[in-house]
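Encoded as structure tokens, the structure appears first; notes follow it.
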Amino acid sequence: MYRSPVDDILYSLRHVAGLEDAINAGAFGDLDWDTVAAVIGEAGRFATDVIAPLNWPGDQEGAHWDDGVVTSPKGFRDAYQQWVAGGWAGVTASPDQGGMGLPHSVNFACSEIWNGASMGFALCPLLSEGALGALKAYASPELKETYVRRLASGEWTGTMNLTEPQAGSDLNALRSRAERQPDGSYKVFGQKIFITYGEHDLADNIIHLVLARLPDAPAGTRGISLFLVPKFLVNKDGSLGQRNDVRCASIEHKLGIHASPTCVMIYGDNGGATGYLVGEENRGLAAMFVMMNSARLSVGLQGVAIGDRAFQHALHYAHERKQGRAPNAPEAMSPIAEHPNVQRKLLTMKSQVQAARGICHLTGVAIDLSRHAASKEARDQAAERAALLTPVAKAWSTDIGDEVASLGVQVHGGMGYIEETGAAQFLRDSRIAAIYEGTNGIQAIDLVTRKVPLSGGAAVRREIAFIRKTAEDVAARNDPAFGATAKRLGQAADALSEATDYVLASLGGDGRDALAAAAPYLRLFGIALGGACLAKAALAPEADAGRVALVRFFAEKLSPAAPGLAEAVTAGAAALEGAEAALQEIA
Ligand SMILES: Cc1cc2nc3c(=O)[nH]c(=O)nc-3n(C[C@H](O)[C@H](O)[C@H](O)COP(=O)(O)OP(=O)(O)OC[C@H]3O[C@@H](n4cnc5c(N)ncnc54)[C@H](O)[C@@H]3O)c2cc1C
């Protein structure tokens, strides 16, 4: 029943994010749009036919751990091998490394497709892609020579090892350590928790990127280095050598994404795991941030992906299930899809998913243009846009994924709460995306404290101008089918502008006001920009009545939250006065 939403993805890349225009302007050499469309179409077919059928059985079976060995659910290894054979690990890798050499935004589009088919499956490539990005940017030529090609082909997979029991959001508390060795390598020691695909049977080697401290490192995040620690050491001729001193002590039992192993990893029980420095000593976080930024956008797209799947599922059910007579219906029992309140739910799901997809695509294309735009000014502005939008893309989209999956359960009524319909799995799977890759609370803090102040607020002002201009374009269309869209989008832009002034002004103080404003500010940002994305889609020459109906619904039913959110922002920290009195633990 599930189909990868290829048409919607292509439409959004073209008409919302402007990828086709960038291609036609020559930003990507001789690449043409038809190639992009063909690749994404093929990804959709592969995901629909090969990966999506594994989603439910993979959830039910889950990954198994036995004495350090992790076995994937039935069918996963074969699907992964087919995925590798199809060249899907190398969408962005250059052709001389065996890749397709396509823009990152195309790979992000594919990432949505894999995640919609099965989040549990797609997490493995998602982490590998991040590891690959960090190695390409920071690894020595020798490390690149040994590892990059085989990660880019998918023959080996990658992981990201930040979290420790006492160090989650706060990496200052990190304790894993590394010791220099006479041959230039390092020995790595420590315990990491929650490591996605830290151990598995999909590929022959696993390349762990591990954050650890050197003995003489300064305290805090300025004393963290990044190490490449392979599961199997690699011989000079490229063949696999002895097993490294790293093992998976256990995997977690968790709410969702059962097919993906979440591992406790132990490094250095037997004299130290051999590791190689990536980048400079004590500068590991800079390299890890390369990995995290790409991963953050991919996680945002998990929210879009699971939201789209939950929507498709709910829509199908709403057409099948009959209850009660809808207004003006001829029969006593109407499909629930005809009841206005169910229509409201379904439109809330669909419009928010497409709005979130638009924000993610804007971010992805900005990442590409930060490298490929014609002028330095355009590249710099694109880099700022990518930086500004990454926390919004991650947090707003994953909050939406979660809300949409929950609405999907609601559309199913009692059957939604019963596992066999599948709606519950989407809710269980989507929940993690708001937590990992930096919780959504941490994303909101990043947005207000680091991103809004970029270039003295110029980057965020450009975004507000974009939203306002889109509202004006809707008004200029003068088409009654848009209803109050232009007015509501304009009000959302005003609300964001007012809230931005407040955030910028409050950063000068002790920061408490800005921190208290962070979450409603991010929510407001998503609503204002998401509305503009839907409007751009509806203004395109190819737009049909459905696109117009969707932006109108979003603008008239969901955008009115924007002025209220601005008020929540400007209420600052005063509303938290008395928090201590109100939140006293019961003795
Ligand atoms: C299934 C799964 C897969 C994962 N995969 C990986 C992986 O592959 N690699 C990896 O390294 N990690 C991974 N993680 C770990 C994940 O990134 C962390 O769980 C996450 O960063 C949050 O850290 P924490 O769990 O310690 O929560 P905490 O940091 O303890 O946070 C608890 C709560 O406090 C809030 N909070 C914390 N600090 C602040 C602050 N300064 N200001 C305001 N609020 C704050 C948080 O937003 C959160 O709501 C995974 C986790 C899970 C569950």
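The values are calculated or read from the model by the stated rules, or taken from the named source; none is laboratory data. Treat the numbers as computed from the prediction; the structure is a model and nothing was measured. Positions of Cβ are generated from backbone atoms using ideal geometry, with glycine treated the same way; all protein chains shown enter the neighbour counts. Side chains are part of the model used for accessible areas, which takes the heavy atoms of the whole protein and leaves out ligands, DNA and RNA. Shrake-Rupley method; radii C 1.70, N 1.55, O 1.52, S 1.80 Å.
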Next item on the list: Any chance you could check the Cα centroid distance between segment 182-215 and segment 106-154 for me, in angstrom?
Entry: 16 Å
Check: Quick one: with all protein chains in place, what share of the accessible area of segment 189-260 is carbon or sulfur, to the nearest percent (1.4 Å probe)?
Finding: 52 percent
Notebook entry, point to check: For the chain, what does -39500 (n - 2.57) per DSSP helix run (n ≥ 4), summed and divided by total residues, give at 222 nm, in deg cm²/dmol to the nearest 500?
Noted result: -17000 deg cm²/dmol
Notebook entry, point to check: Among 187/231; 144/376; 350/557; 187/394, which pairs are too far apart, with a Cα-Cα distance over 23 Å?
Noted result: 144/376; 187/394
Item checked: Förster radius 51 Å - calculated FRET efficiency between residue 175 and residue 556 (Cβ-Cβ, nearest 0.05) -> 0.45
Check: Against the longest alpha carbon principal axis of the chain, how many degrees, from 0 to 90 and to the nearest 10, is the axis of helix 512-539 turned?
Finding: 60 degrees
Item checked: Sites residue 64 and residue 473 - FRET efficiency at Förster radius 35 Å, r taken between beta-carbons, to 0.05 -> 0.05
Notebook entry, point to check: Once Rh for the chain is found with the Kirkwood sum over Cα pairs, what is the Stokes-Einstein diffusion coefficient at 10 °C and 1.306 mPa s, in µm²/s?
Noted result: 64 µm²/s
Notebook entry, point to check: Measuring from label point to label point, each 7 Å out along Cα→Cβ, what is the residue 575 to residue 449 span in nm?
Noted result: 2.1 nm
Next item on the list: Please report, in whole Å, how far the alpha carbons of segment 430-492 spread along each principal axis, starting with the longest.
Entry: 43, 35, 14
Next item on the list: Work out the charge dipole of the chain with +1 on the Cβ of Lys and Arg and -1 on the Cβ of Asp and Glu about the Cα centre, then indicate which of 366, 161, 574 is farthest towards its positive end.
Entry: 574
Check: Around residue 158, which amide H atoms from residues at least 5 apart in sequence, or from another chain, sit under 5 Å from its own amide H, with H modelled in the peptide plane?
Finding: 128, 207
Item checked: Unit charges on C-beta of K, R, D, E only; dipole of segment 29-164, Debye -> 80 debye
Notebook entry, point to check: Relative contact order (percent) for segment 41-155, with alpha-carbon contacts under 8 angstrom and 6 or more residues of separation?
Noted result: 28 percent
Next item on the list: Output the antiparallel fraction of DSSP beta bridges having both residues in the chain, as a percent to the nearest 5.
Entry: 80 percent
Margin query: Tell me the per residue accessible area of the chain using a 1.4 Å probe; a whole number in Å² is fine.
Written below: 40 Å²
Next item on the list: Would you calculate the separation in nanometres between label points at residue 82 and residue 219, each defined as 7 Å from the Cα along the Cα-to-beta-carbon direction?
Entry: 5.5 nm
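What is the dipole size for the chain, taken about its Cα centre, with +1 at each Lys and Arg Cβ and -1 at each Asp and Glu Cβ, in debye to the nearest 20?
For the chain, the charge dipole is close to 540 debye.
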Note to self: Using 0.36 nm times the number of residues separating residue 143 and residue 325, minus their current alpha carbon distance, what extension gain do you get?
What the structure shows: 58.8 nm
Note to self: Defining a contact as two alpha carbons under 8 Å apart and six or more residues distant in sequence, what relative contact order in percent does segment 412-515 show?
What the structure shows: 22 percent
Next item on the list: Could you calculate the FRET efficiency of residue 94 with residue 512 from 1/(1 + (r/R0)^6), where r is the beta carbon distance between them and R0 is 51 Å, rounded to 0.05?
Entry: 0.60
Notebook entry, point to check: At a 1.4 Å probe radius, carbon and sulfur cover how many percent of the accessible area of segment 128-183?
Noted result: 47 percent
Margin query: I need the phi-derived Karplus couplings for segment 346-358: 6.51 cos²θ - 1.76 cosθ + 1.60, θ = phi - 60°, integer Hz, Gly and Pro marked x.
Written below: 5, 5, 4, 5, 5, 5, 5, 4, 6, 5, 5, 4, x
Note to self: For segment 223-282 and segment 405-460, what is the centre-to-centre distance using only Cα atoms, to the nearest Å?
What the structure shows: 29 Å
